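Structure incoming, see below.
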Amino acid sequence: MLRFDCPCCGPRDHDEFRYGGDASVRRPAHNDPDPEAWYAYVYIRKNPAGLHREFWQHVTGCRQWLVVERDTRNHVISSVAFARTSQA
Ligand SMILES: [Zn+2]
């Protein structure tokens, strides 16, 4: 079981959170006409063995969106930050 140290609520089990996807993916500009950019944004994901930045929402707590940096090899969480203040 994963435990996230929510910056608002403190340490909580992962079943209080909802996975929100890869936090390293950047949305193309609203008026970007390039279909390849939109295809990559919607469908292409990496599957890294190592550090991975992920969005998680604390749905049964503060409801904040977080960026969690987790090592996919051993599930060690190295950082948790509010998504609204996190940089890519
Ligand atoms: Zn929270």
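The values are calculated or read from the model by the stated rules, or taken from the named source; none is laboratory data. Note that the coordinates shown come from a computational prediction; the quantities given were computed from them, not determined experimentally. A quick note on method: Cβ atoms are made from the backbone with ideal geometry, for glycine too, and the neighbour counts reach across all protein chains shown. Surface areas here come from the heavy atoms of the whole protein model, side chains and all, with no ligands, DNA or RNA. Shrake-Rupley method; radii C 1.70, N 1.55, O 1.52, S 1.80 Å.
Output the number of residues of segment 1-57 satisfying the condition of being of a type in the set (Phe, Trp, Tyr) and within 12 Å of the ligand (Cβ to nearest atom).
3
Contact list please: Cβ distance under 6 Å, first residue in segment 35-55 and closer than 22 Å to Ser86 by Cβ and of a type outside the set (A, V, I, L, M), second residue open to solvent by 80 Å² or more (accessible area, probe 1.4 Å) and at pLDDT below 95, pairs at least six apart or on different chains.
These pairs meet every condition: Tyr41/Arg27.
Per-residue answers, yes or no, for (1) charged (D, E, K, R); (2) open to solvent by less than 40 Å² (accessible area, probe 1.4 Å); (3) more than 14 Å from the chain's Cα centre (by Cα):
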position: His14; (1), (2), (3): no, no, no
position: Tyr19; (1), (2), (3): no, no, no
position: Pro28; (1), (2), (3): no, yes, yes
position: Val68; (1), (2), (3): no, yes, no
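Going by the structure shown, is Val68 β-branched (Val, Ile, Thr) and within 14 Å of the ligand (Cβ to nearest atom)? Can you show your working first?
Numbers: β-branched (Val, Ile, Thr): yes; within 14 Å of the ligand (Cβ to nearest atom): yes.
Yes.
Tally the residues that are in contact with a helix residue (DSSP H, G or I) (Cβ under 9 Å, 6 or more places away or on another chain) and either more than 18 Å from Ser86 (Cβ to Cβ) or of a type in the set (Gly, Ala, Ser) (or both), restricting the search to segment 7-33. Talk me through it step by step, then tell me what you get.
Quick first cut of segment 7-33, residues in contact with a helix residue (DSSP H, G or I) (Cβ under 9 Å, 6 or more places away or on another chain) only: 9, 25-29, 32.
Among the residues that remain, those that are also either more than 18 Å from Ser86 (Cβ to Cβ) or of a type in the set (Gly, Ala, Ser) (or both) are: 28-29, 32.
Number satisfying all stated conditions: 3.
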